[in-house]
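Have a look at the structure below before the remarks.
The values are calculated or read from the model by the stated rules, or taken from the named source; none is laboratory data. Computed from a predicted structure; not experimentally measured. Counting neighbours? That spans all protein chains shown, and the Cβs are built from the backbone with ideal geometry, glycine included. We work out accessible area using only protein heavy atoms, side chains counted, and drop any ligands, DNA or RNA first. Shrake-Rupley method; radii C 1.70, N 1.55, O 1.52, S 1.80 Å.
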Amino acid sequence: MPLDTALPGAGVTEAPAAGAVATVRSACPHDCPSACALEVERLSPTRIGRIRGNKELPYTAGVVCEKVSRYAERVHHPDRLGRPLRRTGAKGDGEFAPVSWDDALDEIAEAFLRAEARHGSETVWPYHSGGTLGLVSRWGLDRLRNAKRYSKQRSTICVGPSSSGWQAGVGMLTGPDPAEAAKSDLIVVWGGNPVATHVNLMSHIQRARKERGAELVVIDVYDTPTVQAADRALILRPGTDGALALAMMQVILSEGLADRDYLARLTDFDPEVERHILSRTPAWAAEITGLPEHDIIDFARLYGRTKRSFLRLGLGFTRSRNGAVAMHAVSCLPALTGAWQEEGGGAFYARLEDWGLDLNLAHGLDLADPAIRSLDQSRIGPVLTGAPGALEGGPPVTAMLIQNANSAEVAPDSRAVRAGLAREDLFLCVHEQFMTATARYADIVLPATTFLECDDFYMGWGHSALTVGKRVLEPFAETRSNHDVVCGLAKRLGAESPAFDMSAWDLIDTTLQVSGKGSADDAAAKGWIDCNHPFEEAHFLNGFPTADGRFHFKPDWAAVGPYHAGLPALPDHWAVTESADDARPFRMVAPPARTFLNSSFTETVGSQRREGTPTVLIHADDAAAHGIAEGASVRVGNDRGAVTLTARLTDGVLPGTAIVEGIWPADSYRDPACEGMGINQLVSADPVGPVGGVAFHDTAVWVKPAGREATAA
Ligand SMILES: Nc1nc2c(c(=O)[nH]1)N[C@H]1C(S)=C(S)[C@@H](COP(=O)(O)OP(=O)(O)OC[C@H]3O[C@@H](n4cnc5c(=O)[nH]c(N)nc54)[C@H](O)[C@@H]3O)O[C@H]1N2
Ligand SMILES: Nc1nc2c(c(=O)[nH]1)N[C@H]1C(S)=C(S)[C@@H](COP(=O)(O)OP(=O)(O)OC[C@H]3O[C@@H](n4cnc5c(=O)[nH]c(N)nc54)[C@H](O)[C@@H]3O)O[C@H]1N2
Ligand code: SF4
Ligand SMILES: [Mo]
């Protein structure tokens with residue numbers, strides 16, 4: 001079917017004259033809080049040109065990041081997978097031969113049925129992650145999972161620590177639209193790097209600075225581009241944000257800056273909490289954080305005296321073993337000052353709940369059996385290698401379908417992940433756009449469409465609109481969408497749900513209609529659906545979404561998640577991070593690279609050119625102490641593994657901290673010890689309490705000149 005018949009004018013904002021370029025609406029599918037509404041230059045039914053930000057959706061405001069603006073490089077990449085493949089070599093070798101779609105789907109279904117007959121349905125583990133956040137493309141796999149009683153997935157890898165910490169105090173993953181930052185007098189970006197990771201936020205912050213003379217404060221562990229854009233920066237030791245928050249509260253309470261009326265009305269603040277906070281002095285926090293005591297006091301006063309203060313909480317500061325406790329401690333600040341009551345005041349972490357969508361049909365929620373086990377997504381390594389406890393008392397995992405995930409690179413403890421993926425008794429299907437490190441281990445590789453080649457809707461987890469991504473291009477080669485694969489397998493596996501017989505568009509339309517949000521076509525005509533809450537609700541003026549309607553200074557961790565043992569009963573700094581010692585004197589932080597998105601875009605020339613080569617950033621004094629020169633080749637390692645990187649020296653990081661940006665393909669690390677593994681071979685898969693998740697920025701390592709380590713080894 002010619003494209004323009006398939007999509008009768010939908011989303012076309014400028015009609016093409018003969019031979020001219022059409023500009024078509026779309027939406028970014030990536031795991032990024034900006035969740036941009038896009039405008040795509042469609043050059044032909046199979047080619048795009050530039051991508052720009054939609055000017056009408058206020059949050060996007062005409063801006064997109066550099067990597068998506070040149071998406072043509074990714075969608076038209078010569079290495080796109082175009083045909084289903086069957087493994088011909090050993091697992092992980094990457095040797096495959098083409099096979100037909102029918103044969104591939106038959107083979108997967110037979111393998112799943114065989115596995116189920118032998119070990120029961122829980123032996124099959126469908127697995128998805130954030131490659132796309134499409135309401136259909138990402139979570140549609142759950143419909144197959146639930147209909148077939150396959151093992152569930154606890155999606156912890158990204159938001160486990162941050163979400164649980166926020167829930168402990170506020171109660172629900174919701175809040176005001178962060179575009180409200182434009183109305184603030186003080187914006188604090190805490191443990192996030194929006195210039196690199198969600199650039200659109202910066203437009204709204206810039207407005208506040210220009211129109212209101214607002215101040216931007218950034219709290220990070222190194223001199224990021226967001227730090228460079230700030231009026232004031234606090235560079236602290238990783239994993240110590242809880243201490244900073246407590247000392248700020250101590251100053252606010254002792255200098256009479258707390259809103260006592262608000263505390264009494266809308267929180268569980270009591271004399272026990274007050275006594276505890278008063279014991280956490282700036283001197284105590286200075287010792288832990290590495291910040292000068294007077295900087296802590298100055299910033300606490302600024303925050304305490306500014307009613308319209310907005311905390312934009314990133315995820316970075318929660319990727320430590322104490323991450324949930326730190327998030328909870330920081331989230332206490334606007335409850336103490338009552339900043340929530342102001343427009344442009346309060347805090348935002350992520351809107352992952354509270355969209356008012358009935359997703360029973362789309363995600364098969366009503367088919368789920370509570371008795372079926374739920375495996376921790378972050379612990380794919382321990383799960384596949386059968387580590388104690390990881391299988392939750394159930395059978396081994398012997399069959400998987402992976403969509404939207406590159407676990408061999410992104411999950412912690414790469415050694416275990418790869419050992420697991422290579423198991424001879426595991427049947428693995430990977431549905432992918434590229435031959436990733438994970439796909440190389442597959443028995444069957446299926447070629448996937450990109451967001452431009454299928455229909456979907458997306459939740460703006462860093463704003464409050466649902467965005468619409470209607471198909472822009474004909475699918476490349478033989479690629480199929482996630483929805484098509486799920487439906488094709490469901491038929492062969494005898495799984496039942498009316499949604500398996502619906503197109504993605506019909507499924508979205510039905511979902512929107514039963515949720516009272518109009519039709520999919522109406523939404524497509526506009527480009528998005530506004531789901532903003534009224535001010536009183538977004539700011540919790542009449543109560544927080546907790547059982548008693550109050551913000552909780554005293555969290556009930558046991559009610560939040562299973563790994564609650566030892567979490568402090570009051571807001572605090574929890575000293576459980578991986579301690580540096582003489583053998584591993586550095587604490588490694590592994591944050592995103594600006595032009596990669598997790599492991600995506602590592603294949604594009606523009607991003608490769610921009611990022612150069614994998615580096616480790618350390619303080620110049622540390623470098624001198626370890627005999628490391630600028631640009632030198634160094635090895636970074638611990639008991640779990642080692643990588644080779646190029647050293648960059650700076651005074652924009654505290655001594656003892658080592659920054660390694662980006663999740664590069666394993667062969668970029670040029671180290672014989674890598675054995676096909678990347679940076680996450682150094683990262684532990686221990687679950688972060690109370691719900692699980694990964695301490696990506698909490699790894700003790702040594703850093704040595706490459707030559708010296710090589711001779712020692
Ligand atoms: N360009 C780009 N954009 C991305 C991504 C990407 O890989 N590349 N990933 C996307 C995804 S999946 C997500 S979840 C978001 C994440 O986006 P962010 O919320 O920005 O979170 P992180 O990427 O984890 O880390 C952000 C910052 O936290 C800092 N940090 C690390 N440890 C600490 C600490 O202990 N305390 C403090 N105060 N700061 C600390 C890091 O130095 C880093 O600058 O970004 C999305 N956007
Ligand atoms: N060192 C370190 N590791 C990290 C992090 C970190 O900060 N540091 N961040 C963590 C975080 S926050 C996250 S969210 C995870 C993310 O980890 P992942 O969600 O696994 O992210 P990606 O590496 O981008 O891999 C997603 C894959 O999905 C594929 N894909 C995209 N769209 C589609 C589609 O429509 N269909 C199919 N079938 N496939 C598709 C892409 O080609 C890509 O290979 O990584 C985590 N890992
Ligand atoms: S990756 Fe983020 S900033 Fe870039 S286009 Fe997508 S949503 Fe916007
Ligand atoms: Mo993430």
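Those helices (runs of 4 or more DSSP H) of the stretch 145-212 in which at least 1 residues are within 15 Å of ligand 4 (Cβ to nearest atom) and closer than 26 Å to CYS531 by Cα, considering only elements entirely within it, cover 160-169, 194-197. When the stretch 41-79 is filtered for residues that are part of a helix (DSSP H, G or I) and either more than 16 Å from ligand 4 (Cβ to nearest atom) or of a type in the set (Val, Ile, Thr) (or both), the ones remaining, listed by number, are GLU66, VAL68, SER69, ALA72, GLU73, ARG74, VAL75. Filtering the stretch 298-307 for residues that are under 23 Å from GLY549 (Cα atoms), open to solvent by 50 Å² or more (accessible area, probe 1.4 Å) and more than 32 Å from the chain's Cα centre (by Cα) leaves an empty set.
When the test is whether a residue is more than 16 Å from ligand 2 (Cβ to nearest atom), crowded, with 21+ Cβ neighbours inside 10 Å and either assigned by TED's automatic domain parsing to the domain that holds GLY242 or in a helix (DSSP H, G or I) (or both), ILE288 does not pass it.
Just so you know, in the stretch 149-172 the residues that are open to solvent by 10 Å² or more (accessible area, probe 1.4 Å) and of a type in the set (A, V, I, L, M) include one that is nearest to GLY662 (Cα to Cα), and it is ILE157. The single residue among SER607, SER599 that is within 21 Å of VAL694 (Cβ to Cβ) and within 25 Å of the chain's Cα centre (by Cα) turns out to be SER599. Looking only at the stretch 489-531, residues that are at pLDDT 95 or above, open to solvent by 60 Å² or more (accessible area, probe 1.4 Å) and within 25 Å of VAL24 (Cα to Cα) come to 5 in all.
Residues considered: PRO555, PRO571, PRO562. Of these, the only one that is surrounded by fewer than 18 Cβ atoms within 10 Å (Cβ to Cβ), in contact (Cβ under 8 Å) with a residue 24 or more places away in the chain and closer than 30 Å to ARG321 by Cβ is PRO562.
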